[in-house]
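Below you'll find the structure, written out as structure tokens, and then a few comments.
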Amino acid sequence: MAVTMDNVIRFMFILSVVYGAAYAKKSEAKVASAPGLAAAVNTVFDITELGAVADGKTDSTKAVQDAWDAACGLAGSQKVVIPKGEFMTGPLNFSGPCKGYVTVQIDGTMFGSNDIPKYNKGNWIEILHIDNVLVNGSGTLDGQGAAVWKDECKILPNTLVLDYVKNGTVSGLKLVNAKFFHINVYMSKGVTIKNVTITAVANSPNTDGVHIGDSSEISVSDATIATGDDCISVGPGSSRISIQGITCGPGQGISVGCLGRFKDEKDVTDVTVRDCVLRNTSNGVRIKSYEDVLSPITASRLTFENIRMDGVANPVIVDQKYCPEKDCPEKKGSKTVTIKNVTFRNITGTSNTPEAVSLLCSDQLPCSGMELLDVNLKYDGKDNKTMAVCTNAKGISKGSLQALACL
């Protein structure tokens with residue numbers, strides 16, 4: 001076949017496409033945006049190609065941070081990959097806004113440095129001001145908290161924080177031994193947390209599994225959580241919260257609160273906890289608030305349903321005299337926390353305290369609209385009988401164990 005100029009040009013074009021694709025695949029982890037160039041799409045930033053060392057000891061903070069910064073700076077769909085292996089990092093700031101959609105895929109084990117001054121009173125992995133982000137994978141975030149839990153006077157970092165995030169998902173990860181909270185969601189909207197496993201020893205302090213505050217449209221589902229504090233806690237300013245399919249224990253249960261600790265807290269509304277199992281926790285489903293508060297706050301439209309208790313202390317509890325400091329002098333003020341329109345439905349199983357139901361509401365402003373529907377819990381001890389204690393609570397009981405029908 002005669003070699004023509006057209007054939008040469010065609011051959012060179014095909015060669016350039018093939019070579020270019022191979023080169024891009026090999027070096028895509030090192031691609032960063034540059035002025036005047038079109039943004040890359042579907043780029044993978046592997047931290048090991050940016051200098052991370054998978055020995056669990058070498059500080060890989062810069063490599064992970066560089067990967068995020070590059071991915072966030074490109075339009076389209078980008079991915080940061082932490083591959084299998086062990087990586088040590090200090091604080092990571094995954095801040096936006098980003099030009100495109102970023103996925104952080106964690107398949108290895110990340111260790112949070114125990115050099116506390118590095119965090120400067122901040123967090124370990126903080127996702128900040130991001131629209132559309134996915135954090136997933138089969139990997140582990142190990143906060144190594146056991147080495148610092150004894151330092152009660154220090155401000156310790158949370159493991160994974162979502163601040164000012166819209167439309168985010170955290171899925172599939174394991175989080176262990178956080179220095180403080182494992183996951184903290186603040187001022188965010190449209191966040192889904194699913195299929196995560198969170199573990200810390202039962203006596204670990206302040207190791208909440210998931211804490212939600214000042215956020216809306218948050219879903220936590222199909223998670224297994226065992227910590228030294230609340231499996232899940234819903235704080236002030238939270239609305240339209242869905243908690244479903246949680247296996248909790250050990251720990252302090254699933255809580256709304258604590259409410260009324262600080263001034264100008266916002267109301268909590270439309271929280272649903274359903275289809276959960278709690279085992280050997282120090283509380284079951286709980287609403288907790290201070291009795292005397294600096295600003296009025298309301299918790300309303302709260303539903304707890306289809307929940308199985310297995311050897312749980314205080315399975316159903318409203319505590320408006322909550323006082324973790326053990327010394328809360330009465331202020332005799334006119335402000336209090338309003339608790340109303342709360343439903344406990346189909347709560348079954350065993351209690352390891354005689355008081356299976358405790359509704360301890362405020363003397364100043366009783367709880368109203370309370371419902372105990374098909375609540376059938378039995379004390380599993382032999383030294384007493386199953387009972388309920390309802391103080392300053394108004395509502396109805398229906399279909400519940402007679403001993404628990406205190407409304």
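Its relative contact order, with pairs defined as Cα atoms under 8 Å and 6+ residues apart, puts region 305-407 at 29 percent. Each of ALA405, ASN123, CYS390 was placed along the dipole of the chain (beta-carbon charges, centred on the mean Cα), and the one lying farthest toward the positive end is ALA405. Taking all protein chains together and rolling a 1.4 Å probe, ASP46 ends up with roughly 40 Å² accessible. Here the 3J(HN,Hα) profile of region 97-103, calculated from phi with Karplus coefficients 6.51, -1.76 and 1.60 at θ = phi - 60°, is x, 9, 7, x, 9, 10, 10 Hz, Gly and Pro shown as x.
How far, in degrees from 0 to 90, does helix 5-27 lean away from the longest principal axis of the Cα atoms of the chain, to the nearest 10? Taking Cα atoms only, the helix is inclined about 40 degrees. Restricting to Cα pairs below 8 Å that are 6+ residues apart, what does the relative contact order work out to for the chain? Please round to a whole percent. This gives 7 percent for the chain. If the chain linking CYS153 and LYS398 were pulled fully straight, counting 0.36 nm for each residue of separation and taking away their Cα-Cα distance, it would gain 83.4 nm. Would you mind classifying region 229-406 by shape? Square roots of the alpha carbon gyration tensor eigenvalues, ordered a ≥ b ≥ c; an a/c under 1.5 is rounded, otherwise it is prolate if a/b is larger than b/c and oblate if not. Verdict is prolate for region 229-406.
Each residue of region 138-152 was assigned a 3J(HN,Hα) from its phi angle through the Karplus expression (A = 6.51, B = -1.76, C = 1.60, θ = phi - 60°), giving 9, x, 10, 10, 9, x, 6, x, 4, 6, 10, 4, 6, 7, 5 Hz with x at Gly and Pro.
Each peptide in 97-109, 339-351 was scored by the mean count of other Cβ atoms within 10 Å over its residues; highest first, the order is 339-351, 97-109. Per residue, the solvent-accessible area of region 41-93 (1.4 Å probe, heavy atoms of protein chains only, all protein chains present) comes to 40 Å². Here the chain is assigned +1 on the Cβ of each Lys and Arg and -1 on the Cβ of each Asp and Glu. Its dipole about the Cα centre then comes out at about 420 debye.
Counting only heavy atoms of the protein chains, get the accessible area per residue of region 130-227 (1.4 Å probe) and round it to a whole Å² value. If you can, show how the numbers build up before the last one.
On the way: 3520 Å² over 98 residues.
Using a 1.4 Å probe on heavy atoms only, each residue of region 130-227 averages 36 Å².
Expressed as a whole percent, the accessible surface of the chain that belongs to carbon and sulfur atoms is 52, based on a 1.4 Å probe.
In order along region 105-115, the Karplus-derived 3J(HN,Hα) couplings, from 6.51 cos²θ - 1.76 cosθ + 1.60 at θ = phi - 60°, round to 9, 10, 10, x, 10, 9, 10, x, 4, 9, 7 Hz, and Gly and Pro are given as x. The residues packed around CYS231, meaning those with a beta-carbon under 12 Å from its beta-carbon, carry a net charge of -1 if Lys and Arg are +1 and Asp and Glu are -1. What angle do you read, to the nearest 10 degrees and between 0 and 90, between the alpha-carbon axis of helix 61-72 and the longest principal axis of the chain? The angle comes out near 80 degrees. For GLY395, the amide hydrogen comes within under 5 Å of the amide hydrogens of MET370, counting only partners 5 or more places away or on other chains and with H modelled in the peptide plane. Backbone amide hydrogens, once placed in the peptide plane, bring LEU359 within less than 5 Å of VAL318, VAL389, CYS390, THR391, excluding anything fewer than 5 places away on its chain. Extending 7 Å from Cα along the Cβ direction at ASP270 and again at LYS62 yields two label points whose distance is 4.8 nm.
Distance cut-off 29 Å, Cα to Cα: go down the list LYS189/LYS321; LYS174/LYS340; LYS99/LYS189; LYS57/LYS150; LYS288/LYS398 and report the pairs above it.
LYS189/LYS321; LYS174/LYS340, as the Cα separations exceed 29 Å there.
Per-residue extension of 0.36 nm, minus the Cα-Cα distance of LEU294 and ASP380, leaves a gain of 27.0 nm for this segment.
Rolling a 1.4 angstrom probe over the protein heavy atoms, how many square angstrom per residue are accessible across region 229-406?
I get 43 Å² per residue for region 229-406.
The values are calculated or read from the model by the stated rules, or taken from the named source; none is laboratory data. Note that the structure is a prediction, hence the values are computed from the model and not measured. Neighbour counts run over all protein chains shown; Cβ positions are idealised from the backbone, glycine included. Please note that ligands, DNA and RNA were not included when accessible areas were found on the heavy atoms of the full protein model with its side chains. Shrake-Rupley method; radii C 1.70, N 1.55, O 1.52, S 1.80 Å.
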